[in-house]
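Nothing in this text is a laboratory measurement; each read-out follows from the coordinates by a stated rule. Everything quoted here is computed from the prediction, not taken from an experiment. With ideal geometry, Cβ positions are generated from the backbone for all residues, glycine too; neighbour counts draw on all protein chains shown.
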Amino acid sequence: MATRTAEIEIERLMTLHPKGFDLSLGRVSRLLDRLGNPQDRIPPVIHIAGTNGKGSAAAFSRALLEAAGYRVHVHTSPHLVHWCERYRMAATGGGRFVADDIFADAIQRVAEANRGETITVFEILTAVMFVLFSEHPADAAIVEVGLGGRFDATNVIRQPAVSVIMPISLDHQAYLGDRVELIAAEKAGIIKKDAPVVVGAQEFEAARTVLVETAERLGSPLHVYGQDFLAFEENGHMVYQDETGLLDLPRPRLPGRHQFANAAAAIAAARAAGFNVPPEAAAFAMGAVEWPGRLQRLASGRLTELAPEGAELWLDGGHNPGAGTVIAEAMAAQEERLARPLFLVTGMINTKDQTGYFRAFEGMARHVFTVPVRMSEAGVPADELAIRATEAGLSAEPVASVENALKLLRDTWDDNETPPRILISGSLYLAGEVLADNGTPPA
């Protein structure tokens, strides 16, 4: 799985170019023009934006199309352990992460075309995606937005097969605005004239209104969750409904009731884009879908062996209040299935609403262990994060690492009590660390 040559190239680029976000399409457009505009030669695109759920929508979209026999490229970000995770290349029988030599060669060619000019590393890596996807045949490309939409480097796609906008909530306010309608306006930037639009389940009516009005203004065929399509649970199954009728499907493999709406958005997107996904393929996809680091059950690995015997370990990289709400609901559903005391092991970065995230778990979590996020310079110190958890009404204490938290729980656990449910959460950086330390990186 190692991508050593490619990662060396990326590390070199990171010493040459500024870190952080500088939202603009000018630099990436200039670079792509020098490369012959590969973004105009990639397969039909499912372009996905949103605050929460866009990764799940990408995973469901991939599962649906592959189950129907399509060859699919997938671009997501960020990665959890290896940079190659951002590029899943189409292959018979299911996509595979890009090979190191192919990845490194594309990085070198794109960097050479840039000629050392000012650009962000994300923009270079987005250009790499377009080069890779244009040079390797596929039937479809699923492209996840990095940040926002209007000025995200992926938004040089002129005419997607469908634009998908998943739930919008407050996140990245410094770049996108401090009200949901402002954030929605940025996400709506991926909507293109006359191209179909799927609007996923929206918590905020103000966000939904902005998305609908933008699509209507551009004459884009519109498919809105709760109006044109929806999904609900019935007799242990997921029922999908749109104007063509009903699909009776297995419950999605990804846990949490919110995944019904995410799966529905992906089905609506595939249909709006013109892909034929027969009912039996959709049923298979619900059981085949994978999305590491998002409510992922850790059943084995080095870290799981450190927890109290019989404990359940869950991992999730969600990191804003909206994500906290859906994760807490998923943990509540697990509690209904089997009652266990819930403990959080949480690390976060300083651009997130930490107290707002913790508030979703008030009255649910027995205790929080806060940990540093070693893979990010923006990590919140564990002692400061414990204060934020306390402000949200939770019992909390800082510890040195996830490993220390698990050992502390194991060493102090009363064997007469039901083994705990442990949720490691708060940052995708932390999720990546855990998967690497546990010996179970994405594959």
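When a/c reaches 1.5 or more, the comparison of a/b and b/c decides; with that in mind, is region 258-344 rounded, prolate or oblate per its Cα gyration tensor?
Because a/c hits 1.5 or more and a/b exceeds b/c, region 258-344 counts as prolate.
From the helices alone, meaning DSSP H stretches of at least four residues, give me the mean residue ellipticity at 222 nm for the chain, per-run term -39500 (n - 2.57), in deg cm²/dmol to the nearest 500.
-12000 deg cm²/dmol
By the scheme Lys and Arg +1, Asp and Glu -1, what is the net charge of all other residues having a beta-carbon under 14 Å from that of residue 222? Can you show the working numbers first?
Values: positive: 192, 193, 208, 217, 271; negative: 194, 213, 216, 228, 242, 243.
Neighbour charge sum, excluding residue 222 itself: -1.
What is the sum of charges, Lys and Arg at +1 and Asp and Glu at -1, for the other residues whose Cβ falls under 13 Å from the Cβ of residue 358?
Working: positive: 352, 359, 388; negative: 353, 362, 384, 391.
Neighbourhood net charge equals -1.
In degrees, nearest 10, range 0 to 90: what is the angle between the Cα axis of helix 321-337 and the longest Cα principal axis of the chain?
Between the helix axis and the principal axis of the chain, the angle is about 60 degrees.
Once Lys and Arg get +1 and Asp and Glu get -1 on their Cβ, which of 349, 389, 132 lies farthest toward the positive end of the dipole of the chain?
The residue sitting most towards the positive pole is 132.
Based on Cβ point charges of +1 for Lys and Arg and -1 for Asp and Glu, what charge dipole magnitude is obtained for the chain about its Cα centre, in debye rounded to the nearest 20? Write down the numbers at each step before the final one.
Working: 40 positive and 56 negative charges, 189 e Å.
That gives the chain a dipole magnitude of about 900 debye.
Note down the relative contact order for region 177-281 as a percent, whole number, built from C-alpha pairs under 8 angstrom at least six residues apart.
This gives 23 percent for region 177-281.
I want the antiparallel fraction of DSSP beta bridges within region 296-438, as a percent rounded to 5.
Approximately 15 percent, going by the DSSP bridge assignments.
Below 8 Å between Cα atoms, with a sequence gap of 6+, how large is the relative contact order for the chain in percent?
Relative contact order here is 16 percent.
Any idea which of 282, 81, 238 is furthest toward the positive side of the dipole for region 4-288, if Lys and Arg beta-carbons carry +1 and Asp and Glu beta-carbons -1?
Result: 81.
Please get the size of the charge dipole for region 325-443, origin at its Cα centre, with Cβ charges of +1 on Lys and Arg and -1 on Asp and Glu, quoted in debye to the nearest 20. Intermediate values should be presented prior to the final figure.
Details: 10 positive and 17 negative charges, 38 e Å.
Dipole of region 325-443, to the nearest 20 debye: 180 debye.
Report, to the nearest 10°, how far helix 428-438 tilts away from the longest principal axis of the Cα atoms in the chain, using its own Cα long axis and a range of 0 to 90°.
Around 70 degrees separate the two axes.
In the chain, what is the count of Lys pairs whose alpha carbons are under 24 Å apart, counting only pairs at least 8 residues apart or on separate chains? Mind dumping the intermediate values first?
Details: 19/54; 19/187; 19/352; 54/187; 54/192; 54/193; 54/352; 187/352.
Value for the chain: 8.
For residue 92, what charge total do you get from the other residues with a beta carbon under 13 Å from its beta carbon, if Lys and Arg give +1 and Asp and Glu give -1?
0
Express as a percent, rounded to the nearest 5, the fraction of DSSP beta bridges in the chain (both residues included) that run antiparallel.
So the antiparallel bridges amount to about 35 percent of the total.
Hey, what angle do you get for helix 121-135 against the long axis of the chain, alpha-carbon based, 0 to 90 degrees rounded to 10?
Around 60 degrees separate the two axes.
What would the Debye equation give as log₁₀ I(q)/I(0) for region 1-133 at q = 0.09, 0.10, 0.15 Å⁻¹, counting only Cα atoms as equal point scatterers?
Summing over Cα pairs of region 1-133 leads to -0.26, -0.33, -0.75.
Once each part is reduced to its C-alpha centroid, what is the distance from region 180-196 to region 368-394 in angstrom?
34
Modelled label-to-label distance, residue 228 and residue 305, 7 Å Cα→beta-carbon offset: nm?
Result for the modelled spin labels: 5.2 nm.
With springs connecting C-alpha atoms under 10 Å apart, model the chain as a Gaussian network and identify which of 414, 105, 248 has the largest mean-square fluctuation.
414
For Cα pairs less than 8 Å apart in space and 6+ apart in sequence, what is the mean separation divided by the residue count of region 77-225, i.e. the relative contact order in percent?
It rounds to 17 percent for region 77-225.
Pick the calculated mean projected area of the Cα convex hull in nm² for this structure from (i) 19.9; (ii) 36.1; (iii) 34.5?
Evaluating mean projected area of the Cα convex hull in nm² on these atoms matches (i).
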